Each structure stands twice: as structure tokens, then as C-alpha cells.
Amino acid sequence: MVDKTIVQTYTTQNPAETEALASHIGLLLKGGEFIELVGDVGAGKTTFVRGLAHGIGSKDRVSSPTYTTTNVYRGRLEMHHIDLYRLEEPGLMSHSLMELAQDKSSVVVIEWPKLVEGILQMPAIRVEFSSSKEEERTLRISTPRSYGYLGAKL
Ligand code: ADP
Ligand code: MG
């Protein structure tokens, strides 16, 4: 399937700005989206998820699921927050991701997605974080054209 991507770059100056950007995106989510977050420890991935959760109207507390692998937040949509930092082989996780991919009322957001890349034969939004100085972060967001409804914010 040919699905061109649109790439946009944002710079945030503090965690609140990263959250606000993600919250705008969260507001536009319809369910069925996959979002991959790529960047070092401390880059701002979990902070971004906090904004997304706010955007889908969830009041659930967002924390890093590093030890539990998956957290679920409920708002207007259900969001599965997955962190694969400690996963050693894709195994059951790739199976549950394929099941989640069928569920159009859920959003899936994955920190450290490398292990499952290529397993999911579906387009994903990809956010690459880099830290330039102190509290400045650069977010490079690649959006497949099929997610075009996410609009000008992406
Ligand atoms: P990750 O999930 O990528 O390991 P976290 O979101 O858990 O990262 O942590 C990011 C850390 O960086 C937090 O302590 C946060 O306060 C800090 N931070 C500083 N500036 C920013 C920024 N512009 N965006 C996001 N987080 C920032
Ligand atoms: Mg994290």
C-alpha cells in the first residue's frame, strides 16, 4: 500500500508545551490510530502521552508503563500506552498488537517500538524526539496521508 507521509517539525521549550502539542493531536484522534514514539530516556515520550490522554478527554493518571508494559486510559476513546523498553522479544506483544489493530475504538501509543516495527502492516504516526538544549525538545512528526484528518496541527 502506498501511503505518503507528511513530515512536520515542532520545537517545544518546556514539558507543558510538549503536552499542549500532544493534546491538540489527541483532540483530533478518532480511534484506530497507531502512534510510535522514538527517542532516548528523558526525551519527553511519556510527557507527550500525558498530552494525548488529556486530548482524548481522559482524567486517568499517565505514568510510564515500563514495568507493566501497558497502561490503559479511558476518555472519549480508549488509549493503550505501551512501553517496550524492557521487552526482549516481540512474542505475545506482537499478537496483542495485531488484535488491538482491529479495534477501531482504541488508540495505541508505543514507546520504544523498534521490536514490533514491521510486524504491524499498517500505517503509524511516528514522533521522533531529540533534545537540543536544557528544556528544548524537537519533535519530528511523520503522518501517513491516510491520517490526513489530523489536519494542520500535524
Ligand atoms: P521519556 O518517556 O521519553 O523517557 P519523560 O516524558 O518521562 O521522557 O520525561 C521527560 C523529562 O524531560 C521530564 O522530566 C520533563 O519534565 C523533562 N522535559 C524538559 N523539557 C521538556 C520538553 N520540552 N518536553 C518534554 N519534557 C521535557
Ligand atoms: Mg517514557
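The values are calculated or read from the model by the stated rules, or taken from the named source; none is laboratory data. Keep in mind that what you see is a predicted model, and the values were worked out from it rather than measured. In this analysis, Cβ positions are derived from the backbone assuming ideal geometry, glycine residues included, and neighbour counts consider all displayed protein chains. Please note that ligands, DNA and RNA were not included when accessible areas were found on the heavy atoms of the full protein model with its side chains. Shrake-Rupley method; radii C 1.70, N 1.55, O 1.52, S 1.80 Å.
Residues within the reach of a label modelled at Met122 (point 7 angstrom out along Cα to beta-carbon, backbone nitrogen below 17 Å), restricted to region 13-41, are 29-37. Over all directions, the projected convex hull of the C-alpha atoms in region 19-66 averages 3.5 nm² in area. The share of Cα pairs per 10 Å bin across the chain, counted from zero up to the longest distance, runs 11, 44, 38, 7, 0 percent. Accessible surface of the chain, 1.4 Å probe: 52 percent of it comes from carbon and sulfur atoms.
Normalised by the number of residues in region 5-147, the average gap of Cα pairs under 8 Å and 6 or more apart makes the relative contact order 35 percent. Summing Cβ point charges (Lys, Arg +1; Asp, Glu -1) relative to the Cα centre of the chain gives a dipole of roughly 480 debye. A simple charge model with +1 on the Cβ of Lys and Arg, -1 on the Cβ of Asp and Glu and nothing else charged puts the dipole of region 77-151 at about 340 debye relative to its Cα centre. Of the residues Met93, Gln13, Gly148, the one whose Cα sits farthest towards the positive end of the charge dipole of the chain is Gly148 (charges of +1 on Lys and Arg Cβ, -1 on Asp and Glu Cβ, taken about the Cα centre). Extension gain for Ala16 to Thr68 (0.36 nm times residue separation, less C-alpha to C-alpha distance): 16.2 nm. Highest mean packing comes first when the peptides 132-139, 85-92 are listed by Cβ atoms within 10 Å, giving 132-139, 85-92.
Where both bridge residues fall in the chain, DSSP classifies roughly 60% of the beta bridges as antiparallel. On a per residue basis, region 1-102 carries 54 Å² of accessible surface, using protein heavy atoms and a 1.4 Å probe.
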